[in-house]
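Everything on this sheet refers to the single structure shown next.
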Amino acid sequence: MPPGRQLTSLLQAGDVHAALASFYNHTPPAVSHLNDIVAVSGKGTHVFTAGGDSYLDMTSGIGVVSTGHCHVRVVHAVQAQAAKLVHAQQNIFGAHEAGISLIDRLLQIMPSASRPENVINKFFFTNSGSEAIDNAIKVARGHTGKPNIIAFEGGFHGRTYGAMACTSSKTIYRQGFGPVMPGVFIAPYPACLHCKASSDQEYPLPPDTQHTMVKPRSCCNGPLEAVEWMLKMQTAPQETAGIIVEPILGEGGIITPPPGFLLGLRKLCDKHGMLLILDEVRVILLRHLLLHQLCHFYACWISRLGGMQVWAHTLMTTDLHHQSKR
């Protein structure tokens, strides 16, 4: 049997378990060994396996195939582009037609801002969420001239060096890889379900922090106070470049913060000249950004889009874009 064909031959012969065992033998332990399913094709909400079974895909590729597997319009678009131009590297060509068209479409859905410098009209395209996060850290440090970053408990921001340092949803992401990137401090995320404050200690949020689409809630304000204490006890505002947060905590438990928390972070960042980095890689494009209208603030926003190919991009306000060149 020719080298490199053993796994394929096992799969074609119907020995799925042997093919999968051999596949795991040739891939690193970081690749999850969750089940004995080998996916072959997908259509809509279903995935079809080498064993002839059909599964309802409830994960949608963590949102990447949010339009369903192999949506006909996505397939046609990918086929058309592959037949036209596969790659035009940006340090050789000024731009490519598809990139120009994409920016046009993104500009159409960017919300307006009260001040010109806060308009989100700069886009930095990357290959993954981790790369987008690492770039956001670079922009924050380069723009402010300050080294430290505040992240939150339970957050997942990626597996590359900078993103890994901001990740605390599981110990396995950091285990054995230390020391991690210095200058990252972890604050508590507002998990109201597990809040230790009793109801008589809570107080209503200020009226300007309420949102008509969110059911009124009260908050002990502990998480915001914890960040303020952190700025007094662990990382001074003069040394803190920014705060990175998932507006809806993903891997850490699908937790929505109380209304007012994100606006509180925004005000805190404005007060101390820090960047607010909203990691919406798992929330999907613009869902939370538009809902809470945080875009008109001084912010750098991360997202991932998909349908067939995974990619990522960073959105930033006008006064931040020059740092992304570095």
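A few notes on this one:
- Footprinting exposure proxy for ARG266, ARG105 (fewest neighbouring C-beta atoms within 10 Å first): ARG105, ARG266
- Footprinting exposure proxy ranking of MET164, MET181, fewest other C-beta atoms within 10 angstrom first, gives MET181, MET164.
- For THR240, THR45, order by how many other beta-carbon atoms lie within 10 Å, fewest first: THR45, THR240
- Value of D in µm² per second that Stokes-Einstein yields for region 6-84, Kirkwood Rh from Cα pairs, at 37 °C (0.692 mPa s): 228
Readers should treat all values here as calculations from the given coordinates under stated rules, not as data from a laboratory. As the structure is a computational prediction, the values presented were derived from the model and not from experiment. Glycine gets a Cβ as well: all are built from the backbone with ideal geometry, and neighbour counts include every protein chain shown.
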